[in-house]
Amino acid sequence: MINEQLQKKIEQSIRLLQSVQKRYDGDIELAYSGGKDSDVILQLAKEAGIKYRAIYKNTTIDPPGTIAHVKEMGVEIIRPKENFFQLVAKKGFPNRFSRFCCEVLKEYKILDKTVIGVRKEESRARKERYNEPTECRYFGAKKEENHVEQIYPILEWTDEDVRDFILDRDLKLAPLYYDTGGQIDVTKRLGCMCCPLASRRKRLIEFQKHPRIAKAYLRAGQKYLDTHPNCTALKRYDSVYEWFTRDVFYSNNKEWDKVNGPLFGKPDYKKFLEGQFGIDLTL
């Protein structure tokens with residue numbers, strides 16, 4: 001059901017997209033992640049009648065069913081030169097302070113104008129970060145060839161707005177958003193599996209649900225240790241299993257050191273992880 005307030009937001013979103021097209025003759029990139037907000041902005045772009053290229057940047061570690069949904073929606077797929085685990089093997093485990101995976105796999109320029117389905121209601125950080133429906137960004141050095149204008153047509157939309165629009169337009173979503181009864185849950189978010197930016201609890205649940213990803217992490221981490229003999233991780237941890245335990249189960253080094261200092265002795269981290277994930281983690 002589209003109420004009057006949502007109808008105004010829809011019209012504002014469409015006018016914003018059309019205003020960008022009026023001053024720009026080329027194709028506008030539509031940053032498509034496969035998530036619900038991407039499906040909303042894709043539909044708005046169609047209704048606005050703008051010239052767009054819907055592009056999915058394959059992170060190689062998105063939830064099952066994402067690629068199939070992207071293909072079904074007719075979205076262009078760009079595959080990276082290196083997949084996520086190849087990057088880990090070169091750079092180590094990503095974390096909140098080293099988001100090289102985002103930089104390499106998602107955050108790079110394709111076209112001069114990009115429509116993104118970011119919304120303030122998604123988090124406090126986004127509410128504080130985003131103030132205007134458009135902004136300029138440079139991917140790399142501040143040169144004209146790196147400049148992108150980003151457009152946020154649903155910045156002010158709520159979860160309820162998104163749900164009502166999806167139901168009204170009868171949009172099909174990725175499998176993640178449907179419960180066992182086939183009902184849509186728009187509070188769910190689609191993102192990279194076992195992302196280090198997620199909460200510790202959510203990340204652990206995803207590793208437990210998909211233990212082969214944990215093994216792939218360990219295998220890539222071991223390759224990194226083998227090829228970086230002077231790295232910080234080898235100075236702090238005796239094995240990739242210990243390093244991974246710290247990375248997944250503890251928020252910071254202070255917390256880790258409290259329970260893993262020399263007074264307590266070191267447990268068998270491989271055995272601990274196998275107990276957590278229910279899988280043989282021999283590399």
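This table checks each residue for (1) without any contact (Cβ under 8 Å) to a residue 60 or more places away in the chain; (2) outside the structural domain of ASN260 (by TED's automatic domain parsing).
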{"site": "THR187", "(1), (2)": "yes, yes"}
{"site": "LEU190", "(1), (2)": "no, yes"}
{"site": "GLU206", "(1), (2)": "yes, no"}
{"site": "GLY221", "(1), (2)": "no, no"}
{"site": "TYR224", "(1), (2)": "no, no"}
{"site": "ASN230", "(1), (2)": "yes, no"}
{"site": "ASP238", "(1), (2)": "yes, no"}
{"site": "GLU242", "(1), (2)": "yes, no"}
Inset, instruction - Could you check, for region 85-99, whether at least one of its residues is among the polar types (S, T, N, Q), modelled with pLDDT under 95 and touching a helix residue (DSSP H, G or I) at 6+ places or on another chain (Cβ under 9 Å)? - result: yes
Legend entry - Of the criteria (1) assigned to a helix (DSSP H, G or I); (2) not assigned by TED's automatic domain parsing to the domain that holds TYR32, which one ASP168 fails: (2)
Inset, instruction - Considering each of THR60, THR66 in turn, give the residue that is out of contact with any strand residue (DSSP E or B) (no Cβ under 7 Å at 6 or more places or on another chain), closer than 19 Å to ILE41 by Cα and of a type in the set (Val, Ile, Thr). - result: THR66
Inset, instruction - Examine region 145-161 for a residue that is outside the structural domain of ASP62 (by TED's automatic domain parsing), under 28 Å from GLY74 (Cβ atoms) and out of contact with any strand residue (DSSP E or B) (no Cβ under 8 Å at 6 or more places or on another chain), and state whether such a residue exists. - result: no
Inset, instruction - Please work out which one of (1) surrounded by 15 or more Cβ atoms within 10 Å (Cβ to Cβ); (2) modelled with pLDDT of 90 or more; (3) not in a loop (DSSP other than H, G, I, E, B) is the condition GLU121 fails and give its number. - result: (2)
Inset, instruction - Scan (1) farther than 26 Å from ALA31 by Cα; (2) surrounded by 14 or more Cβ atoms within 10 Å (Cβ to Cβ); (3) not β-branched (Val, Ile, Thr) for the single condition GLY182 breaks and write down its number. - result: (2)
Inset, instruction - Test ALA174 against the stated conditions and say whether it is surrounded by 21 or more Cβ atoms within 10 Å (Cβ to Cβ), touching a Gly at 6+ places or on another chain (Cβ under 8 Å) and of a type outside the set (Phe, Trp, Tyr). - result: yes
Legend entry - All helices (runs of 4 or more DSSP H) inside region 4-107 with 3 or more residues being over 20 Å from the mean Cα position of the chain (by Cα): 4-22, 36-48
Inset, instruction - Have a look at ILE110, ILE50, ILE77 and point out the one that is in contact with a Phe, Trp or Tyr (Cβ under 6 Å, 6 or more places away or on another chain), modelled with pLDDT of 95 or more and more than 25 Å from THR187 (Cα to Cα). - result: ILE77
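Residues are listed down the side, and each one gets a yes or a no for (1) among the acidic types (Asp, Glu); (2) surrounded by fewer than 18 Cβ atoms within 10 Å (Cβ to Cβ):
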site: ALA89; (1), (2): no, no
site: GLY92; (1), (2): no, no
site: ARG99; (1), (2): no, yes
site: LYS106; (1), (2): no, yes
site: GLU144; (1), (2): yes, yes
Inset, instruction - Tally the residues that are buried (at least 18 other Cβ atoms within 10 Å of the Cβ) and assigned to a helix (DSSP H, G or I), restricting the search to region 146-162. - result: 2
Legend entry - Which listed residue is among the aliphatic types (A, V, I, L, M), farther than 25 Å from GLY140 by Cβ, assigned by TED's automatic domain parsing to the domain that holds ILE166 and at pLDDT 95 or above, from ALA45, ALA31: ALA45
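The values are calculated or read from the model by the stated rules, or taken from the named source; none is laboratory data. Note that the structure is a prediction, hence the values are computed from the model and not measured. Methodologically, a virtual Cβ is constructed for each residue, glycine included, from the backbone with ideal geometry; neighbour enumeration extends over all protein chains shown.
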